[in-house]
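Have a look at the structure below, then the notes.
The values are calculated or read from the model by the stated rules, or taken from the named source; none is laboratory data. All values reported here derive from a predicted model rather than from experimental measurement. Every residue, glycine as well, gets a Cβ built from its backbone with ideal geometry; the counts of neighbours run over all protein chains shown.
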Amino acid sequence: MTDDTLDPVLVVQDLDATFPNENGGLRALRGVSFSVTPRQFVCILGPSGSGKSTLLRVLAGVLKPTRGLVHFAGGIPRIGFVFQQSNLMPWRTVLDNITLPLELEGMNRESAYPRAQELIDLVGLQGFERAWPRDLSGGMAQRVAIARALVHDPDILLLDEPFGSLDALTRERMGSELLRIWQVRQKTVLMVTHSISEALYLSDQVLVLTQRPGSIKMRLNVELPRPRIEEMRYTADFGRQVRQLKDAIE
């Protein structure tokens, strides 16, 4: 549940993002404003093309907004990013894929390996340290991607439809795994998803964007206790909130 007594770790105010083109620009986001408190899990829903991925890219600092403010408490944070595709380097083992962010920061492998091993244990990939990406299932590859995003101990974790390419059963299992990892690490998380059920099951707050240009149409504080269990998906409270979100998207 959302703790409104905490000061926000992230504040977004009146955010616009426009991509230049020959027709005067494609406006992806319009007047987006919201805040996120520490260790909160926030999911972002909306129609295809509503600017969800653009919003994450702005928060990650890889895309400059056309207008508006993105403020992080305490200055620029360390950010971990997980994409829909795992984007593992095929010539590096599981262990060496996870250590890559540390190596880019100048850490030697002798120091990086113990930190990577801790993440391998956390995501349940013990025994696959020396496996190649080609030998991993889709779910296992995404576990590696999550471990890689966490290995440098980010302040905020951004996930862009990380389970979108998985089958339904694997997607549900990965959602439960993500919750377990989040409960251990207690990171602030913003996650884009197209699944209403997934958004409710995982998050403390759901933001719903309008059609492009995306703006905040609805903020829903999820009224489900933690820890979450699969049986919650079949309760009346869960169904009621699914309908609220579905009506907002449609």
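Within region 208-239, being at pLDDT 95 or above and of a type in the set (Lys, Arg) holds for Lys217, Arg219. Scanning region 114-140 for residues that are assigned to a loop (DSSP other than H, G, I, E, B) and surrounded by 12 or more Cβ atoms within 10 Å (Cβ to Cβ) yields Val123, Gly124, Leu125, Phe128, Glu129, Ala131, Trp132, Leu136. Among what's in region 64-113 and is hydroxyl-bearing (Ser, Thr, Tyr) and within 30 Å of Gly214 (Cα to Cα), pick the residue that is surrounded by the fewest Cβ atoms within 10 Å (Cβ to Cβ). If we take residues in region 64-113 being hydroxyl-bearing (Ser, Thr, Tyr) and within 30 Å of Gly214 (Cα to Cα), then Thr66 is surrounded by the fewest Cβ atoms within 10 Å (Cβ to Cβ). Only one of the numbered conditions (1) within 17 Å of Ile156 (Cα to Cα); (2) surrounded by fewer than 18 Cβ atoms within 10 Å (Cβ to Cβ) is violated by Gly25, and that is (1). I need the full set of residues from region 60-84 which are under 24 Å from Gly24 (Cβ atoms) and assigned to a loop (DSSP other than H, G, I, E, B), in order please. Result: Val62, Leu63, Lys64, Pro65, Thr66.
Can you pull out the residues in region 228-250 that are among the acidic types (Asp, Glu) and either surrounded by 12 or more Cβ atoms within 10 Å (Cβ to Cβ) or in contact with a strand residue (DSSP E or B) (Cβ under 7 Å, 6 or more places away or on another chain) (or both)? Passing the criteria: only Asp237. Being surrounded by 17 or more Cβ atoms within 10 Å (Cβ to Cβ), part of a strand (DSSP E or B), on the phi < 0 side of the Ramachandran plot and not small (Gly, Ala, Ser) is a description that applies to Val32.
Could you tell me whether any residue of region 158-176 is at pLDDT 95 or above and of a type in the set (Phe, Trp, Tyr)? Checked region 158-176: no residue is at pLDDT 95 or above and of a type in the set (Phe, Trp, Tyr). Among the residues of region 219-250, the one identified as closer than 16 Å to Val36 by Cβ and free of Cβ contacts under 8 Å to residues at least 60 places away in the same chain is Leu220.
Conditions (1) part of a loop (DSSP other than H, G, I, E, B); (2) hydrophobic (A, V, I, L, M, F, W, C); (3) within 19 Å of Ser53 (Cβ to Cβ); (4) in contact (Cβ under 8 Å) with a residue 24 or more places away in the chain, marked per residue:
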{"position": "Val144", "(1), (2), (3), (4)": "no, yes, no, yes"}
{"position": "Leu159", "(1), (2), (3), (4)": "no, yes, yes, yes"}
{"position": "Ser176", "(1), (2), (3), (4)": "no, no, no, yes"}
{"position": "Leu179", "(1), (2), (3), (4)": "no, yes, no, yes"}
{"position": "Val184", "(1), (2), (3), (4)": "no, yes, no, yes"}
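Only one entry in Pro90, Pro101 is part of a loop (DSSP other than H, G, I, E, B) and either among the small types (Gly, Ala, Ser) or closer than 23 Å to Leu159 by Cβ (or both), namely Pro90. Look at (1) within 26 Å of Lys246 (Cβ to Cβ); (2) out of contact with any Gly (no Cβ under 6 Å at 6 or more places or on another chain); (3) not in a helix (DSSP H, G or I) and you find that Arg171 fails only one, number (3). Within region 146-157, the residues that satisfy the criterion of being outside any loop (DSSP other than H, G, I, E, B) and either at pLDDT below 95 or among the hydrophobic types (A, V, I, L, M, F, W, C) (or both) are Ile146, Ala147, Ala149, Leu150, Ile156, Leu157.
With respect to Gly49, is the statement that it is assigned to a loop (DSSP other than H, G, I, E, B) and free of Cβ contacts under 8 Å to residues at least 24 places away in the same chain true? Considered against the rule, which asks whether it is assigned to a loop (DSSP other than H, G, I, E, B) and free of Cβ contacts under 8 Å to residues at least 24 places away in the same chain, Gly49 comes out as no. Take the residues in region 186-227 that are in a loop (DSSP other than H, G, I, E, B) and within 18 Å of the chain's Cα centre (by Cα), then tell me which one is surrounded by the most Cβ atoms within 10 Å (Cβ to Cβ). Looking at residues that are in a loop (DSSP other than H, G, I, E, B) and within 18 Å of the chain's Cα centre (by Cα), I get Ser203.
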